[in-house]
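Chemist: What follows is a structure written as structure tokens; I'll ask about it next.
The values are calculated or read from the model by the stated rules, or taken from the named source; none is laboratory data. Just so we're clear, the structure is a prediction, and the values are computed from it rather than from any experiment. Cβ coordinates were reconstructed from backbone atoms using ideal geometry, including for glycine residues, and neighbour counts include every protein chain displayed.
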Amino acid sequence: MERLTLLKEKTESASYAEVIKNALRLYEALIEEVERGNTFLVRDGEGTVTPYKMFL
């Protein structure tokens with residue numbers, strides 16, 4: 001519940017349902033991209049790009 005509350009505050013969502021709905025939408029999109037063979041990359045503050053492994 002703490003994590004859900006924190007996400008609700010950070011995203012300024014109107015409800016917990018909105019947080020969950022958005023999280024599921026994002027999760028579904030990420031899975032679809034991985035299934036297509038795509039890779040996610042993260043760029044840090046210094047500009048270094050590294051692969052982000054979500055699904056091990």
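Chemist: Quickly run through the range 29-47 and pick out the residues that are among the acidic types (D, E) and within 14 Å of the chain's Cα centre (by Cα).
Modeler: E32, E33
Chemist: Whether any residue in the range 48-56 is within 15 Å of the chain's Cα centre (by Cα), surrounded by 10 or more Cβ atoms within 10 Å (Cβ to Cβ) and part of a helix (DSSP H, G or I) is what I want to check.
Modeler: The answer is no; no qualifying residue exists.
Chemist: With the requirement that a residue be in a helix (DSSP H, G or I), over 19 Å from F55 (Cβ atoms) and among the acidic types (D, E), what does the range 1-30 give you?
Modeler: E2, E9, E18
Chemist: In addition: What is the one condition in (1) exposed (fewer than 10 other Cβ atoms within 10 Å of the Cβ); (2) at pLDDT below 95; (3) touching a helix residue (DSSP H, G or I) at 6+ places or on another chain (Cβ under 8 Å) that S15 does not satisfy?
Modeler: Condition (2) is where S15 drops out.
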